[in-house]
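Before any comments, here is the structure.
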Amino acid sequence: CDIQIEQGRALEVSLMPDNAGGHVMRASSTQIEIDEQVYLTDESFKVYSVADGAVKWKGLRDIIVGTDMALFFLNGTRAMAGVITKSVTPEKIRVVLQTTGYGGFVHQAVKIASSSSFTATQGQKTTNYSPGEVFDVSSMPKTGRIFLKADTAGAKFEIKSIARSWPSGESPKYSGAIEIGLEAGGYSIVNELSLEEYLYAVVPSEMPSSYGLEAAKVQAVTARSYAYNQFYQNRFHQYGANVDDSVNSQVYNNIPENETSIQAVDGTKGKVLSYNGAVVNANFFSTSAGVTANSGEVWAASQSEFPTYSTPYLSAKKQYTGKDYGDLSKEANAVAFFKAEGVHAFDSFSPWFRWTVEMSAEDLANSINANIRARYDAAPALVKTLLEGGVFRSRPINTIGNLIDLEILSRGEAGNAMELKIIGDKATVLVKTEYNIRALLSPYKQSTPINVVRSDGSTVTNSKLLPSAFIAIEKASKGGTVGNVTIYGGGYGHGVGMSQNGVKGMIDQGYSFSQILEHFYPGTKIKSM
């Protein structure tokens, strides 16, 4: 209702008895899409919940797309409020698909076929397609969401307008249903399918199937736990999806499902990691440097507080044996460790276990200047500029000018760089968190390629991110300023939780999948979702 109040007296109550329910297909700040009906949201639109007791104030992200968990109260065709009436569980998941090369969510073209006959429904109109016949979105009116549904259970849709890393250049195929939404400048594609079918194509995309069934079972449990939490975070609700198919969530269907991944998912069906009765956010990454990091020393809380609390099951843990390098938060120990060759760890077989990259001061300055404004805009509290009086404050910054010097100011328990001071002739900045550091020190140059040299002698050229923040920086002096810089690094990824190559190393040493999960996530238990 609306209540009209004047000088502390209620004069009139205007009820809004009309409401709408059904499956929420999209929830954005401007509109709510329920099944195929679109309602514009009022400027004072609010979300509440009565699903678990007293009324609570919620947000748009709490309205899980693809579910019928809420009622929306209307004033004509305008949604005034949403009320969450019940809790939901992730039996299905909705994935928004990125373009070729993972360049974004807006597709210029959409062409889809299937081995089965299928229908395309838009509003009241349904069009039938034969097996192998190509649906082309350009032939459809630009009036609303389009639903593609196969006539045969188990059939897959082949999206010919997307390229992934499928063998022989084959177009990727998707289980479940496909929805196409109208976006500014193009179309979005959402794939809705069961959570278990989704995992079939996550496991091989995140971990090589050559690592074997036991390793795939480890990945299946962690991926299911991660997806469970991502479902409720509902980060892509504005596209009508819970997750995307990239590293923003977890990689889905870049590599097709196979016998190993299907067996691993089926063999662990419904199993997740639990800590104190709650499903954990089971973070994982590619390769450790011989240690894993505390979560609160890698990620900031609310994009500002850093370092922060570390979850007990996402804590720093030694992965190497032999010589003890001591407290890696101390600069000398960290430098010795990341420059050391011959360190034995679960994932020391990986080429990414140790790597080096050499960059000139000019190249480093170019990378810093190319990325610093974007990093500031993403989280201003984590990129601060030195002001008069010797204090650092968050200020918009576009360039440091020429590079004079750089220095790691603090490290986490695992030796990961947490704070980096960069001195330029136009500005001095203090940068926090591993992602910001990796972005600013990215070994990327379009003209003359910059090579990251891995421990097996192989090279990777022009990376948009430094492989990790487990680094030691060695500087050559040039006329009183820094000259060439050599970065000695270890591992690949953020370093929190489970090392996927560490899993392979433990499998080779005879560990079971449950022992591996306990090692990487101490204190957790495997339970049914």
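The values are calculated or read from the model by the stated rules, or taken from the named source; none is laboratory data. Everything quoted here is computed from the prediction, not taken from an experiment. Here the Cβ positions follow ideal geometry from the backbone for every residue, glycine too, while neighbour counts run over all protein chains shown. These area figures cover heavy atoms from the full protein model, side chains too; ligands, DNA and RNA do not enter into them. Shrake-Rupley method; radii C 1.70, N 1.55, O 1.52, S 1.80 Å.
Using a probe of 1.4 angstrom, how much of the accessible area of region 138-191 is carbon and sulfur, in percent?
That fraction is 53 percent.
Going toward the positive end of the dipole of the chain, with +1 on Lys and Arg Cβ and -1 on Asp and Glu Cβ, which of Leu195, Thr448, Ser117 do you reach last?
Value: Thr448.
Which residues does the label zone of Glu259 cover in region 210-237, counting backbone N under 13 Å from a point 7 Å along Cα→Cβ?
213
Whole angstrom only: what separates the Cα centroid of region 115-169 from the Cα centroid of region 320-397?
Region 115-169 and region 320-397 have Cα centres spaced 46 Å from each other.
Would you calculate the volume per residue, in Å³, of the smallest convex hull containing every Cα atom of region 185-268? Could you put the intermediate results ahead of the total?
On the way: hull volume 7.5 nm³, N = 84.
Normalising the Cα hull of region 185-268 by residue number yields 89 Å³.
Go through [x] 25.6, 80; [y] 23.8, 74; [z] 28.6, 95 and flag the label whose value is the computed Rg and Dmax of the Cα atoms in Å for this structure.
Answer label, from the structure shown: [x].
Round to the nearest 10 and give me the degree value, 0 to 90, for the angle of helix 361-378's Cα axis relative to the longest principal axis of the chain.
So the helix axis and the longest Cα principal axis differ by about 30 degrees.
If the only charges are +1 at each Lys and Arg Cβ and -1 at each Asp and Glu Cβ, what is the size of the charge dipole of the chain around the Cα centre, to the nearest 20 debye?
520 debye
With label points built 7 Å along Cα→Cβ from the Cα atoms of Asn248 and Glu183, find their separation and express it in nm.
If labels sit at Asn248 and Glu183, their model points lie 0.7 nm apart.
In whole percent, how big is the carbon plus sulfur part of the accessible area of region 30-73, probe 1.4 Å, protein atoms only?
Answer for region 30-73: carbon and sulfur cover 52 percent of the accessible area.
Relative to the Cα centre, what is the charge dipole magnitude of region 383-529, using +1 at the beta carbon of each Lys and Arg, -1 at the beta carbon of each Asp and Glu, and rounding to the nearest 20 debye? Numbers along the way, then the final one.
Numbers: 16 positive and 11 negative charges, 81 e Å.
Charge dipole of region 383-529: 380 debye, to the nearest 20.
So if I take the centroid of the Cα atoms in region 448-521 and the same for region 1-66, what is the distance between those two points in Å?
48 Å
Count charges around Ala264 for me, please; just the other residues with Cβ under 15 Å from its Cβ, Lys/Arg as +1, Asp/Glu as -1.
Taking every other residue near Ala264 into account, the sum is -2.
Rounded to the nearest 0.05, what FRET efficiency do Ser117 and Ser171 give with R0 = 30 Å and r taken as the Cβ-Cβ distance? Could you check?
With R0 = 30 Å, the Cβ-Cβ based efficiency is 0.95.
Below 8 Å between Cα atoms, with a sequence gap of 6+, how large is the relative contact order for the chain in percent?
12 percent.
Percentage of Cα-Cα pair distances in region 124-283 greater than 25 Å, rounded to whole percent?
In whole percent, the share of Cα-Cα pairs in region 124-283 beyond 25 Å is 35.
Per residue, what accessible area does region 28-136 have, given a 1.4 Å probe and all protein chains present, in Å²?
50 Å²
Kindly report the accessible area of region 147-210 per residue (heavy atoms of protein chains, probe 1.4 Å, no ligands, DNA or RNA), in Å².
That works out to 36 Å² per residue.
With n ≥ 4 as the cut-off for DSSP H runs, can you work out [θ] at 222 nm for the chain, using -39500 (n - 2.57) per run divided by the number of residues, rounded to the nearest 500?
Per the formula, -5500 deg cm²/dmol.
In degrees, nearest 10, range 0 to 90: what is the angle between the Cα axis of helix 213-233 and the longest Cα principal axis of the chain?
60 degrees
Find out how many positive minus negative residues lie around Asn369, taking Lys and Arg as positive, Asp and Glu as negative, among other residues whose Cβ is under 13 Å from that of Asn369.
Surrounding charge for Asn369 is +1.
Rounded to the nearest percent, how much of the accessible area of region 233-320 (1.4 Å probe, protein heavy atoms only) is carbon and sulfur?
For region 233-320, the apolar C and S fraction of the accessible surface comes to 46 percent.
Using the Cβ atoms and a cut-off under 15 Å, what net charge is assigned to the surroundings of Tyr435, where Lys and Arg are +1 and Asp and Glu are -1?
0
Can you give the accessible area per residue of region 445-529, in Å², using a 1.4 Å probe? Display every interim value, and only then the final one.
Details: 3790 Å² over 85 residues.
Here the per-residue accessible area is 45 Å².
Determine, from the Cβ-Cβ distance of His23 and Ser512 and an R0 of 45 Å, the FRET efficiency 1/(1 + (r/R0)^6), rounded to the nearest 0.05.
0.65
Per-residue HN-Hα couplings for region 249-257, Karplus 6.51 cos²θ - 1.76 cosθ + 1.60 at θ = phi - 60°, whole Hz, x for Gly and Pro?
10, 8, 5, 10, 6, 6, 10, x, 4
When a/c is below 1.5 the answer is rounded, else prolate if a/b is larger than b/c, else oblate, so apply that to region 1-148 with a ≥ b ≥ c taken from the square roots of the Cα gyration tensor eigenvalues. It would help to have the intermediate numbers written out before the result.
Numbers: a/c = 2.59, a/b = 2.20, b/c = 1.18.
Prolate is the answer for region 1-148, as a/c is 1.5 or above and a/b outweighs b/c.
Over 29 Å between C-alpha atoms is what I'm after, so list which of Lys330/Lys384; Lys330/Lys478; Lys173/Lys217; Lys46/Lys269; Lys271/Lys339 land there. Before the final figure, lay out the partial values.
Values: Lys330/Lys384 24 Å; Lys330/Lys478 27 Å; Lys173/Lys217 23 Å; Lys46/Lys269 37 Å; Lys271/Lys339 40 Å.
Cα-Cα > 29 Å for Lys46/Lys269; Lys271/Lys339; rest within.
Quick one: Karplus J couplings for region 106-122, per residue in order, coefficients 6.51, -1.76, 1.60, θ = phi - 60°, nearest Hz, x for Gly and Pro?
9, 9, 7, 9, 9, 10, 9, 10, 8, 6, 10, 5, 8, 10, 10, 10, 9
Which FRET efficiency value, to the nearest 0.05, do you get for Thr100 and Glu6 by plugging their Cβ-Cβ distance into 1/(1 + (r/R0)^6) with R0 = 45 Å?
FRET efficiency, Thr100 to Glu6: 0.15.
Contour minus end-to-end for Thr448 and Ser477, with contour as 0.36 nm per residue of separation and end-to-end as the Cα-Cα distance?
Difference between extended and current length: 8.2 nm.
Assign one of three labels to region 432-491, namely rounded, prolate or oblate, based on the Cα gyration tensor with a ≥ b ≥ c the square roots of its eigenvalues; rounded applies when a/c is under 1.5, prolate when it is not and a/b is larger than b/c, and oblate otherwise.
Taking the square roots of the gyration eigenvalues as a ≥ b ≥ c, region 432-491 is rounded.
Want the number for Thr461 to Asp42: 0.36 nm per residue separation, take away the alpha-carbon distance, what's left?
Contour length minus the Cα-Cα distance gives 145.9 nm.
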